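The block underneath contains the structure these notes are about, expressed in structure tokens.
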């Protein structure tokens, strides 16, 4: 029972990382069937004349949802944050106040989205950078945009990765385009395919390097034998001359 109670507890917001807390709280409210009362300020339906016992019970349950949602918000913030919303009596007003306080106004959010989109478009993979490192860096920007409520589709992220790739991946891109519709390729599949090609390329470079070292190593004894043969021949000629 204690473990179940812990799992059902909402995450606590202390004034930092509001975007992450808001995503977790939305999931929590949806799991409790309360998100409509937070997002839309939903009101329970009015009872008709001569309601049945079942209708009365359902009406009482719906009427209790808004206060319960508000109590969850109160429980999910520290005392310092609570003082910002303690005067609001509906969950929507309290939620909107927190969003405005820690996320900024609509104009501010739009400016943040605009700057992040520009940063997303400017991302490029470095010549010596690994694909996974580049995708991790790119997804950091994508997640910031998504936390602001703007969706970037899988296709858009995949297109961005493909456009940013250097020439060494052209053969793999061509094979992907020939094998299936690029609109159906997930980011995970693309990264796995590119990582595989990257590893094969590194192995080929290591094989070439080892081959060159072996060739150099085999050449040295031959040169030594040639010197020894020339020395012996010269000594034999001197002996014959004497």
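Among the residues of region 37-63, the one identified as free of Cβ contacts under 8 Å to residues at least 12 places away in the same chain and surrounded by 15 or more Cβ atoms within 10 Å (Cβ to Cβ) is 58.
Residue check: is residue 111 free of Cβ contacts under 8 Å to residues at least 60 places away in the same chain, in contact with a helix residue (DSSP H, G or I) (Cβ under 8 Å, 6 or more places away or on another chain) and not assigned by TED's automatic domain parsing to the domain that holds residue 16? Against the criterion (free of Cβ contacts under 8 Å to residues at least 60 places away in the same chain, in contact with a helix residue (DSSP H, G or I) (Cβ under 8 Å, 6 or more places away or on another chain) and not assigned by TED's automatic domain parsing to the domain that holds residue 16), residue 111 does not qualify.
When residue 149 is tested against (1) in contact (Cβ under 8 Å) with a residue 40 or more places away in the chain; (2) on the phi < 0 side of the Ramachandran plot, exactly one condition is not met: (2).
The values are calculated or read from the model by the stated rules, or taken from the named source; none is laboratory data. Just so it is clear, the structure is predicted and the values come from calculations on it, not from any experiment. Neighbour counts are summed over all protein chains in view; Cβ atoms, including those assigned to glycine, are modelled from backbone coordinates with ideal geometry.
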